Amino acid sequence: MPKVPGMVKGLGVTFRTMVETLKPSGGPATVQYPHEKEEPSPRARGVIALHEENCTACMLCSRECPDWCIYIEAHKTLAPPRRAGGKPRQVNQLDRFAIDYSLCMYCGICVEVCPFEALFWSPEYEFSEVSIADLLHEKERLGEWMETVPDFEPYEAGSEAKGKKVPR
Amino acid sequence: MSELIFAIELAYWQQTLIKVLVAAVLIPTTALILGIVFLFKMMSWMQSRMGPQEAGPRGLLQLAADGLKFLQKEDIIPDRADRFVFKAAPVVVLASTFLTYVILPAGPDLIIENLPTGIFFAMAVSSLSVVGVLMAGWSSSNKYALMGGLRAGGQLIAYELPLILAVMGVVIQAGSLSMQDIVWAQADGSMFGFGGLGLPFVITQIVAFFIFMVAIQAELTQPPFDMPVAESEVVGGFHVEYTGFRFLFFFLGEFATAFAFAAIAATLFLGGWWVPGIDPNSALANIVGPIALFVKIMVVAFLIFWFRFTYPRFREDQLQRFAWKYLIPLALANITITGILVVVL
Ligand code: SF4
Ligand code: SF4
């Protein structure tokens, strides 16, 4: 069979796509967003949730963030000793933790870099605001997102690494 | 034109007034139709999406809404622009489009002005738009606009030649420059002695038809020949500085010109308003004619936009080489062969 020139083949592709879109059995690849919604995949990067108890205000996320859009303020304080008769522990008390989603580019570096499992991805994506200033999520709001964080998927069978758990 | 339909004798100024009004309503409508049917709907389908859905039933009023939006926008003229030329450029482009419509026949009597040199006139006024585009590019005092304008200038001049040479083949065969005579020649023609279908020139002039389609694609600066307006290279080219209704003028000019070229192609190669089986002399032809022409235009426009939505952009040197090394010699050969055959047969 003689080879069909690429230019003619290209016309065929667009024509076929058009017929496919118009056929009742076919339909477009897209959905009409506000009326229908697609289910985001469980590991989708929608919004970042903060588990406040785990955060030690180590500042790693804030310093690694390429956009400098994480604001952390903390002060040192003494926590009661773990065992009776021990010394009081010195801990960092988080005063403010905020992510400015009008700057964030959802690179996920902060989640990756956090050594204390305090930041998590949630697939929730509908948090647009009328005013851009409202995109600054303070730690209360970031904490609320924790409920929407799905459980980690189990590792492949035979993996030696211990599966991680989302703190609830 | 009007006398025959309404059987009323009209004075010259009345006829002119009617013609102007019809043209003023018709031309933006053609741009709207092409924009909605092809740019919004067909392009979306070819990209496996649905296109606009919200404005009006099934999104059909989207372009009207966009037009209203453009009218509300602030009219910005760059500080260092040449104000007069900047303002005049869209008008020149639109005027060139409007003038092309003068010689388009929609029926035996439905034509704004049946010039004896119709197709020559159309080619001449359609190349006027180059002037408008160069004016826009030069006066914007913007390097992207200037680059785009010069690219458009080079491209439009290069493709004007094959366009005219392709038309020459049809003109030689029809023996006339008048659009009406070209339609008549196709209606009176016969294929192998069988006259029922006439002789649409697309059959004898298939090479010219191919060259014509390629050349109008370039004349309309549409992909794959959209170097002058390439967003990723010159961010819109000559109209980068235009906002509001001036931009709307360019948009209207682009699509109305596409419609006009499709109409010229339909007239030259597909028989224009003529339908097999309907006596071209009867009054019925004046009613069926516009519908037939519209259907043929839509077929040609489908081809134009199909190419537009399928192919990626040519490089500037490929574009020039294609015009000068392939299209023009091909068109010249077509003219020579047509000429010999017309004389011999
Ligand atoms: S996802 Fe990236 S940009 Fe957003 S806060 Fe984290 S590190 Fe910064
Ligand atoms: S890296 Fe983790 S623990 Fe450190 S400040 Fe950021 S969220 Fe808190």
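Buried accessible surface for the A/B chain pair comes to about 1400 Å², total over both chains, computed with a 1.4 Å probe. Among B:GLY253, B:GLY237, B:GLY154, the largest mean-square fluctuation in a Gaussian network model of chain B (Cα springs under 10 Å) belongs to B:GLY154.
The magnitude of the dipole of the protein assembly as shown, with charges of +1 and -1 set on the Cβ of Lys/Arg and Asp/Glu and taken from the Cα centre, is near 980 debye. Peptide B:296-308 has a mean shielding of 1, counted as Cβ atoms of other protein chains within 10 Å of each residue's Cβ. Starting from the Cα gyration tensor of region B:81-232, take the square roots of the eigenvalues, sort them a ≥ b ≥ c, and report rounded, prolate or oblate (rounded when a/c is under 1.5, otherwise prolate if a/b is larger than b/c, else oblate). Here region B:81-232 falls in the prolate category. Unpaired Cys in the protein assembly as shown, meaning no second Cys C-beta under 4.7 Å: A:CYS55, A:CYS58, A:CYS65, A:CYS69, A:CYS104, A:CYS107, A:CYS114.
Think of the protein assembly as shown as a dipole: +1 on every Lys or Arg Cβ, -1 on every Asp or Glu Cβ, centred on the Cα centre; then among A:THR14, B:GLY189, A:HIS51, A:HIS51 lies furthest on the positive end.
Within the full protein context, the accessible area of B:VAL229 is estimated at about 20 Å² for a probe radius of 1.4 Å. Counting only other chain Cβ atoms within 10 Å of each residue's Cβ, the peptide B:309-319 averages 2. The HN-Hα couplings worked out from phi for region A:50-61 by the Karplus form 6.51 cos²θ - 1.76 cosθ + 1.60 (θ = phi - 60°) are 10, 9, 4, 4, 7, 6, 9, 6, 6, 6, 4, 4 Hz, whole numbers, x standing for Gly and Pro.
With 31 Å as the limit on Cα-Cα distance, the pairs of B:LYS19/B:LYS296; A:LYS37/A:LYS162; B:LYS87/B:LYS325; A:LYS37/B:LYS296; B:LYS41/B:LYS69 that go past it are A:LYS37/A:LYS162; B:LYS87/B:LYS325; A:LYS37/B:LYS296. Other residues with beta-carbon under 11 Å from the beta-carbon of A:LYS164 carry, at +1 per Lys or Arg and -1 per Asp or Glu, a net charge of -1.
Counting Lys +1, Arg +1, Asp -1, Glu -1, what net charge surrounds A:GLU153 among other residues with beta carbon under 11 Å of its beta carbon?
With Lys, Arg at +1 and Asp, Glu at -1, the neighbours total 0.
For chain B, the membrane-span-like helices by this rule, meaning whole DSSP H stretches whose C-alpha atoms cover at least 20 Å of axis and whose Kyte-Doolittle mean is 1.6 or above, are B:244-270, B:284-310, B:328-344; this says nothing about an actual membrane. Positive contributions from Lys and Arg (+1) and negative ones from Asp and Glu (-1), summed over other residues with Cβ under 13 Å from the Cβ of A:GLN90, come out at +4. P(r) for the protein assembly as shown, please, calculated from all Cα pair distances in 20 Å bins and given in %. Spelled out bin by bin, the protein assembly as shown gives 17, 39, 24, 14, 4, 1 percent. Would you work out which of B:ASN142, B:ILE172, B:GLY237 lies farthest towards the positive end of the dipole of region B:76-344? Charges go on Cβ: Lys and Arg +1, Asp and Glu -1. Projecting each Cα onto the dipole axis, the largest value belongs to B:ASN142. Counting only residues at least eight positions apart within a chain, or on another chain, the aspartates and glutamates with an alpha carbon under 15 Å from that of B:LYS143 are B:ASP79, B:ASP82, B:GLU231, B:GLU233, B:GLU241.
Work out, in µm²/s and without decimals, the Stokes-Einstein translational diffusion coefficient of region B:76-344 at 4 °C, 1.567 mPa s, Rh from Kirkwood over C-alpha pairs. Spell out each step's value before the answer.
Numbers: Rh = 19.1 Å.
Once the numbers are plugged in, D ends up at 68 µm²/s.
The C-alpha atoms of chain A define a longest principal axis, and helix A:6-22 lies at about 70 degrees to it.
Under the definition of partner shielding as Cβ atoms of other protein chains within 10 Å of a residue Cβ, what is the mean value for peptide B:48-55?
4
The candidates A:ASP151, B:ASP82, arranged from most to least accessible area with a 1.4 Å probe in the full protein assembly, appear as A:ASP151, B:ASP82. Couplings 3J(HN,Hα) for region A:94-100, derived from phi with the Karplus relation 6.51 cos²θ - 1.76 cosθ + 1.60 (θ = phi - 60°), are 6, 8, 9, 9, 9, 10, 8 Hz, where x marks Gly and Pro. The longest part of chain B holding none of the exposed loop trypsin sites (Lys or Arg not before Pro), meaning those outside H, G, I, E and B in DSSP with at most 11 other Cβ atoms within 10 Å, is B:81-314.
The values are calculated or read from the model by the stated rules, or taken from the named source; none is laboratory data. These numbers were taken from a predicted model, which means no experiment stands behind them. When we count neighbours, we look across all protein chains shown, and the Cβ atoms used for this are built from the backbone with ideal geometry, even at glycine. Just so you know, the surface numbers come from the protein's heavy atoms only, side chains and all, with ligands and any DNA or RNA stripped out. Shrake-Rupley method; radii C 1.70, N 1.55, O 1.52, S 1.80 Å.
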